[in-house]
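Heads up: the structure comes next, in structure tokens.
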Amino acid sequence: MKNYYCTSMIKAAIVLTISSFLSCSRSPSQITPPSAFFKFTADLSLYQWNGVPGDGNTCFLCGSDITKMNGYYVLRSSDPRNYGNVILLKIPAITLSETVYTLTTINSTTSPNANHHINIGQALPQGSPFPSSLFAADTEPGDYATITITSIHDGIYADGTFTARMTLAPYGPTANKLDITGGEFRNVKIL
């Protein structure tokens, strides 16, 4: 009887110990997300916007994310200190995978219909037709963005690179171009 009692107590102690360790594990909501890294060069200036990945529930326009839309994704990043500084690049994909995506403009379009946009800088003098010192979109044939997803990790974060060419405002076939180079992102949350 003593042996049975000791064996039962040992088994109960083991079960309680294991269950207490399991109950101490962190739930996914308690795990701090990795900090996003996002940089690129445009108009000879380096832009680097780091911080917590964007979260549509707390700050729709802050930080960086890849958002699934109806039939495509959008890689978006904004300066966490000034969400008016923003870059948006359309990824032509129904599902996201580790590959290269390129979307090139074939026909002229207007800015609201463009696939890719960038807005950087302070407001111009009152009455100026464009609200920033750097505003461009893929409005003319040959404008493009190439996004390479190099890895998807933890099922919800992406790393990669990008380049783009857009037409500066005011738009038109003779408008100046903006080349975006050296684009790199890490730990960008996929929403």
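A Förster distance of 22 Å, applied to the separation of the beta-carbon atoms of Thr146 and Ile106, puts the FRET efficiency at 0.90. Placing dummy labels 7 Å off each Cα toward the beta-carbon, the span from Thr99 to Lys177 is 2.6 nm.
Read-outs: derived from the displayed coordinates by stated rules, not from any lab. Note that the structure is a prediction, hence the values are computed from the model and not measured. Quick reminder, even Gly has a Cβ in these numbers, built from the backbone with ideal geometry, and neighbours come from all protein chains shown.
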